[in-house]
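Structure first, then comments.
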Amino acid sequence: MGKRIAFIGLGNMGSGMAANLVAKGLKVEAFDLDAAALGRAKLAGCSTHTSINAALNGVDAIVTMLPDGKIVRSVFQNDVFKWAPAGVLLIDCSTIDVGTAREMIALSAQKGHPMVDAPVSGGIAAANAGTLTFMVGGTAAAFAAAQPILAAMGTAVIHAGGAGAGQAAKICNNMLLGATMVATGEAFAMAEKLGLDLQTFYDISSKASGQSWSMTSYCPVPGVGPKTPADNDYQGGFATALMLKDLRLAMAAAAETGADVPMGRRAAELYEAFASAGNAGLDFSAIIKTLRK
Ligand code: NAD
């Protein structure tokens, strides 16, 4: 594994990820458009740069953790392909559409760079703790080169398949998560209307066939199950805006492939409505509030 890593995009997720690379003894060259993000990176032990070409100079690998596919495309086409040292490994950890990921990997190959798409599951707490799950798309050789760098930031690094396979796995997983969270919320809301005690319903369903991660690891009912964002008035956790972003990517992928996704589509509609009603900043499990009324 190379010793010097350029890290582009040190926001909520990237700052913790870069700090973990530093903690594992790597030298991190950080670049972000936001001065506050760079300030946090400096405190975490990164070298910071106010121009991207300075950050990319002489590095062994480049990690990007950016908001969306449009920004990833622009950073790759305008800067990375221009300034990256010859042949260095490119790792994009942002969540973006499968098409853009495949295109960036094809362009990277033309320019002589191995590249993987490596979106994450786990959120800000896992980024800070170094316990992310990485779903990785790319050739076996590119995966092998990226694996030790990703392992420094996570506990599971899984080769999902060829170019774009990481993004494909991520949006299928998060579509399932959105749908099970809505289904879990409506089951608790109906249990309540039927006069069941919600802790009792949890005790039964968590050991019965209705059990899911949304119920037993992320229960949307305050005071029931493990401690979750529901117990903190739905602050922190995984924002509704980010769930909606992933559901939109899933709906675009469904349209492109002709996949029939009735439950994912309904979850996307419900999260669209919930976000536009002013709840985009709340944890996504807060959707239960619209079902418990
Ligand atoms: P964020 O908005 O907090 O961070 C993005 C950072 O990129 C910001 O600091 C921003 O200034 C910087 N940036 C934007 N344009 C740039 C450019 N052209 N050059 C350099 N820096 C630029 O977002 P985040 O929450 O850290 O999420 C990053 C990615 O991870 C997204 O794709 C998101 O969907 C994904 N993700 C987020 C979570 C989560 O819980 N936050 C979980 C899983 C995946």
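Relative to one another, the C-alpha centroids of segment 93-154 and segment 253-293 are positioned 26 Å apart. With all protein chains in place and a 1.4 Å probe, the accessible surface of segment 168-291 carries 60 percent carbon and sulfur.
Ranking M175, I105, S209 by Cα position along the charge dipole of segment 97-209, where only Lys, Arg, Asp and Glu carry charges on their C-beta atoms, puts I105 farthest toward the positive end. On segment 12-99, 54 percent of the accessible area sits on carbon and sulfur atoms, based on a 1.4 Å probe. Report, in listed order, any pair from K245/K293; K170/K227; K170/K245; K82/K170; K193/K293 with a Cα-Cα distance greater than 19 Å. Over 19 Å apart, Cα to Cα: K245/K293; K170/K227; K82/K170. Relative contact order, whole percent, for the chain stands at 13, derived from Cα pairs under 8 Å and 6 or more residues apart.
The shape of segment 4-161 can be summarised by an equivalent ellipsoid whose semi-axes, obtained from the alpha carbon gyration tensor, come to 20, 18, 14 Å from longest to shortest. What the Cβ-Cβ distance of R265 and K289 gives, at R0 = 25 Å and to the nearest 0.05, is a FRET efficiency of 0.70. Using a probe of 1.4 angstrom and keeping all protein chains present, the accessible surface of the chain works out to 44 square angstrom per residue. Fully extending the segment from N57 to S209, taken as 0.36 nm per residue of separation minus the present Cα-Cα distance, adds 49.3 nm.
Annotation: peptides 277-283, 170-176, ranked by per-residue average of other Cβ atoms within 10 Å with the highest first, follow the order 170-176, 277-283.
Charge tally for T200 (other residues, Cβ to Cβ under 14 Å; Lys, Arg +1; Asp, Glu -1): -2. Dividing the Cα radius of gyration of the chain by its Kirkwood radius returns 1.01 for Rg/Rh.
The values are calculated or read from the model by the stated rules, or taken from the named source; none is laboratory data. Since the structure is predicted, the reported quantities are computational estimates derived from the model, not experimental observations. As a convention, Cβ positions derive from the backbone with ideal geometry for all residues, glycine included, and neighbour counts pool all protein chains shown. The accessibility values were calculated without ligands, DNA or RNA, using every heavy atom of the protein model including side chains. Shrake-Rupley method; radii C 1.70, N 1.55, O 1.52, S 1.80 Å.
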